[in-house]
Structure formats: structure tokens, C-alpha cells
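Asker: Sharing a structure, written as C-alpha cells. Questions coming.
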Amino acid sequence: MKNSSLLLFILTICLSLMAFQCDEDDTPLTQEEEREQLNISKKAIEDLVATSVCNENTECKSIAFGSKPCGGPWSYLIYTTSIDTEKLKLWVEDYNKREAEFNTQWGAISDCGITNPPSSINCENNVCIPVY
């Protein structure tokens, strides 16, 4: 009888410990860890954009990139339709959303200047050149 009570007690303790163990996914990231994840995403996006080439002016496009704490984008990425534009749009949309959440969560501040998109984009030597 004592052995079964002891076994039941040990089993209860083990189940309790398993039920309340913390997963790494549940641990909130630090500000530095979140910023590093954003930097990795930013680099991947910029690397994708850097592979684009143009042949005609109609292939050049821009997309708002980043999220200033005061609102609006930090910049505009210039790219062409020679890359996977749907992938780029999804990545930028996700990045912008995560950066806005980061700004809110960590109380980020910035200048409140407005970043305007290019008025036009020209293709010169297979590179898109923004005109402001």
C-alpha cells in the first residue's frame, strides 16, 4: 500500500512538473532580440531588392518600407518586376507590421518628418534611379 501511495505521489509530481514547464516559445523576447530579428528580415528584403534589374521605365516600382514611430515609412525601396514582387510585398507588409508593433511595445521615438515617395523612377544602365 505504501509503495502505491509513493508511486502515485511521484507520478503526480512528475505530471505537475510537465504541465507547468516553460517552452522557449513562451519566453518573451528582449528588445535587442526583437530588433535583431527585424534587422535579419530587413537584410533579406534589401538583398531581394538588390537582385532586381530593369530594361524599361515601366519595370521600376517603389514600396513604402519600415514604420516610423510617428507614422509613415522610413524609406521607399526601389525594385523592378524582374524579382518575385508578390514575395517582396508580403515580406515588406510583414516587416512593416512587426516594426510598428515593436515601436509600440518598446516606446520607440523618431523624427516625425514625412518621407515622400519618388515622383518618378528612371531605368539607367539596368538600374532603377528614383527621382525626388
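The values are calculated or read from the model by the stated rules, or taken from the named source; none is laboratory data. Keep in mind the model is a prediction, meaning the values are calculated, not measured. Glycine gets a Cβ as well: all are built from the backbone with ideal geometry, and neighbour counts include every protein chain shown.
Asker: Looking at this structure, is Pro118 closer than 16 Å to Glu34 by Cα, assigned to a loop (DSSP other than H, G, I, E, B) and at pLDDT 95 or above?
Answerer: Values: closer than 16 Å to Glu34 by Cα: no; assigned to a loop (DSSP other than H, G, I, E, B): yes; at pLDDT 95 or above: yes.
Considered against the rule, which asks whether it is closer than 16 Å to Glu34 by Cα, assigned to a loop (DSSP other than H, G, I, E, B) and at pLDDT 95 or above, Pro118 comes out as no.
Asker: So for the range 60-82 (the condition being more than 30 Å from Thr30 (Cβ to Cβ), without any contact (Cβ under 8 Å) to a residue 12 or more places away in the chain and either surrounded by fewer than 15 Cβ atoms within 10 Å (Cβ to Cβ) or out of contact with any helix residue (DSSP H, G or I) (no Cβ under 9 Å at 6 or more places or on another chain) (or both)), does at least one residue qualify?
Answerer: No, there is no match, as no residue in the range 60-82 is more than 30 Å from Thr30 (Cβ to Cβ), without any contact (Cβ under 8 Å) to a residue 12 or more places away in the chain and either surrounded by fewer than 15 Cβ atoms within 10 Å (Cβ to Cβ) or out of contact with any helix residue (DSSP H, G or I) (no Cβ under 9 Å at 6 or more places or on another chain) (or both).
Asker: Between Ile40, Ile109, which is loosely packed, with under 12 Cβ neighbours inside 10 Å, on the phi < 0 side of the Ramachandran plot, in a loop (DSSP other than H, G, I, E, B) and of a type in the set (Val, Ile, Thr)?
Answerer: Ile109
Asker: I would also like to ask the following. So, in the range 51-87, how many residues would count as being out of contact with any Leu (no Cβ under 7 Å at 6 or more places or on another chain), part of a strand (DSSP E or B) and within 17 Å of Leu38 (Cβ to Cβ)?
Answerer: Total meeting the criteria: 3.
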